[in-house]
Amino acid sequence: MSDENKSIHEFDFNLICEYFSTMERQGPGSPEVTLKALSFVDHLSNESRIADIGCGTGGQTMTLAQHVPGQITGIDLFTTFVDLFNSNATKLNLQDRVKGVVGSMENLPFQNEELDLIWSEGAIYNIGFERGLNEWRRFLKTGGYIAVTEASWFTEKRPVEIDEFWKDAYPEIDTIPNKVAQIQKAGYIPVATFILPENCWIENFYVPQIASQEIFLKKYAGNKTAEAFIANERHEAQLYYKYKEFYGYVNYIGKKI
Ligand SMILES: C[S@@+](CC[C@H](N)C(=O)[O-])C[C@H]1O[C@@H](n2cnc3c(N)ncnc32)[C@H](O)[C@@H]1O
């Protein structure tokens, strides 16, 4: 099929997927942050069942797998990411305990009370924070944990430019106390919250994109969709550098009551 015959949506989807699949991470984070969040989770054993929802190519999943016992299922909507996830698991000899599956976070392939731990870095926004907390809860055993990262405001007030950007991109962004109240309301004990350090965004997410953007723009020279997509990525990064004292990702860890 030529590009002209693809719907713009399908082309966007493939482009975005190609762009992010060249990177180790598809969102802000770091192995240190994954391990810090994990330090609040107890009672995992060889029998534990863990899900990493919106796992991408599995950067954080492999860190997790190297530090916890049990079986881990990664779920992601994009086949390209899941294929890379499974080849990463094999490279690290984790293929017997770590499996990537194509699926939607809106229709998870688990039984009620099957899971000991739900992990999700930079992905719950796709379903929405409150909806994800509420809908995923039934898959956890009582006493099981959920650990997610979520865009959050650090202050009650912020400059109009960044406020408008986020309200358009993700209207559910909110302050940390409001997010914690939502965790409690959804039926979890809020066990811990901490802010991801800036290196998770800068060194691990925006800086690796600079070289990829050049390669991508050369490959798709003259392609308006590709150019608009990269301009958008660059704008988002510039806003982060300008306004990073007002927002960031926060790791929220809850325990099912
Ligand atoms: C910002 S990336 C984060 C990926 C990875 N957790 C990380 O931190 O590197 C968000 C991920 O959510 C996935 N995603 C988006 N909508 C989804 C859905 N409805 N169900 C499952 N995964 C989804 C995307 O394909 C992408 O891999």
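The values are calculated or read from the model by the stated rules, or taken from the named source; none is laboratory data. What you see is a predicted model; the values in this text were computed from it and never measured. For neighbour counting, all protein chains shown are included, and Cβ atoms are generated from backbone atoms with ideal geometry for every residue, glycine included. All accessible areas refer to the heavy atoms of the entire protein, side chains included, with ligands and DNA or RNA removed. Shrake-Rupley method; radii C 1.70, N 1.55, O 1.52, S 1.80 Å.
Worth pointing out:
- The relative contact order of the chain, computed from alpha carbon pairs under 8 Å that lie at least 6 residues apart in sequence, is 22 percent.
- Count of lysine pairs in the stretch 137-257 with Cα separation under 15 Å (8 or more residues apart, or interchain): 7
- Leading residue at positive end of dipole, the stretch 104-257 (Cβ point charges), from ILE118, PRO208, TYR249: ILE118
- Mean-position separation - Cα centroids, the stretch 36-113 and the stretch 192-255, in angstrom: 24 Å
- Mean ellipticity per residue at 222 nm, deg cm²/dmol - from DSSP H runs of n ≥ 4 across the chain, formula -39500 (n - 2.57): -12500 deg cm²/dmol
- Summarising the strand pairing of the chain, around 45 percent of its internal DSSP beta bridges are antiparallel.
- Charge dipole of the stretch 65-160 (Cα centre as origin; +1 on each Lys and Arg Cβ, -1 on each Asp and Glu Cβ, all else neutral): 140 debye, rounded to the nearest 20.
- Relative contact order for the stretch 98-210: 24 percent, from Cα pairs under 8 Å spaced at least 6 residues apart, divided by residue count.
- Dipole magnitude (debye, nearest 20) for the stretch 109-172, charges at Cβ of Lys, Arg, Asp, Glu: 180 debye
- Against the empirical 2.2 N^0.38 Å (N residues), the stretch 37-195 has a Cα radius of gyration ratio of 1.06.
- Over the stretch 126-165, the alpha carbon radius of gyration divided by the compact-protein estimate 2.2 N^0.38 Å works out to 1.64.
- The value of relative contact order for the stretch 173-257, using C-alpha pairs under 8 Å at least six residues apart, is 58 percent.
- Largest GNM mean-square fluctuation among THR193, THR155, THR142, using the chain with Cα springs under 10 Å: THR155.
- Heavy-atom accessible surface of the chain: percent carbon and sulfur, 1.4 Å: 52 percent
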